[in-house]
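Please read the structure below before turning to the comments.
The values are calculated or read from the model by the stated rules, or taken from the named source; none is laboratory data. Nothing here was measured: the structure is a model prediction, and the numbers come from that model. Backbone-built Cβ (ideal geometry, glycine too); neighbour counts: all protein chains shown. Each accessible area value is taken on the protein alone, full model and side chains, heavy atoms only, with ligands, DNA and RNA left out. Shrake-Rupley method; radii C 1.70, N 1.55, O 1.52, S 1.80 Å.
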Amino acid sequence: MDAIIIVLIILVVLVFIALIKTIQVIPQASAAIVERFGRYTRTLNAGLNIVVPFIDTIRNRVDLREQVVPFPPQPVITQDNLVVNIDTVIYYQVTDARAATYEVASYIQAIEQLTVTTLRNIIGGMDLERTLTSREEINAALRGVLDEATGKWGIRVNRVELKAIEPPTSIQDSMEKQMRADRDKRAAILQAEGVRQSQILTAEGEKQSSILRAEGEAKAAALRAEGEAQAIRTVFESIHAGDPDQKLLSYQYLQMLPKIAEGDANKLWIVPSEIGDALKGLGGALGNFGPGTGPAAPSGGSSGDGGAGRSGLTKRREQPPID
């Protein structure tokens, strides 16, 4: 009786294990390779799958999602014999699980080695400057070679990126000095152009200011000259309209003498020649009002009085008018 129970327990365990081996659940975006007696039978897709227990075995489970694999820096020699370290990142996706399992032993390692060799071929035909400025060209060339080589492995390379390109330390120092010199040169050029433009604008502004100032002074001088001419014309017309006689002109000359002598710095002043005629006219005017004559005196007065008056006037005329 005990032996029967033991056999039943063993049978239940075997059935349970057989059920586990029979039912295979494959996650989404995954695939499984089934082998029967060591030979490929089929590929299990996502979902619930039934296999023959103890006969069919799961050889490999493959992730069908896009994978990202960074590769360590690889030393590469450029065309001008400089060693640069290049980091690469590969984006790939398994499209055929059977080919990825049976066509290549380790597709990750195969992609890495293929990337290194392809990089050396591409960078070997470029100098350092072109290598640093042609990342898109290198990426496109590298992706084309990898996609063609990995197609038979059931792998599609979606994208290749150069993560970093590191030249030697001495080259980096030289490049930094060159870039610093270029920046200083551009800054000096821009500063010189700014100073030049500022001086040009300043000169143009001064030119326009001088032109406007000269035009203003010319207009002011013309207006002043026109005003003086108008004033002289007005005075001249007034004098001619008033018809002045010699007596008035003589009196005006005498009024101007104190103004001519004004000022402490005037050591020498010149009397115009017309002042003698003015004094003569003024003397004649004063002689008419002398003591020997008068407005009421008759025109035929005594010759003695007239002579005396004329002699007195003559004496006054002989005296110097100005000390």
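Somewhere in segment 131-145, is a residue at pLDDT below 85 and touching a Pro at 6+ places or on another chain (Cβ under 8 Å)? Yes; the residues of segment 131-145 include at least one that is at pLDDT below 85 and touching a Pro at 6+ places or on another chain (Cβ under 8 Å). Within segment 165-224, restricting attention to residues that are under 30 Å from residue 123 (Cβ atoms) and of a type in the set (Val, Ile, Thr), the residue that is most open to solvent (accessible area, probe 1.4 Å) is 169.
For residue 60, the conditions (1) more than 30 Å from residue 20 (Cβ to Cβ); (2) of a type outside the set (A, V, I, L, M); (3) not in a loop (DSSP other than H, G, I, E, B) all hold with the exception of (1). Of the candidates 34, 7, 25, the single residue that is touching a strand residue (DSSP E or B) at 6+ places or on another chain (Cβ under 9 Å), hydrophobic (A, V, I, L, M, F, W, C) and either at pLDDT below 80 or open to solvent by 90 Å² or more (accessible area, probe 1.4 Å) (or both) is 25. Only a single item in (1) within 60 Å of the chain's Cα centre (by Cα); (2) assigned to a strand (DSSP E or B) is not met by residue 43, and it is number (1).
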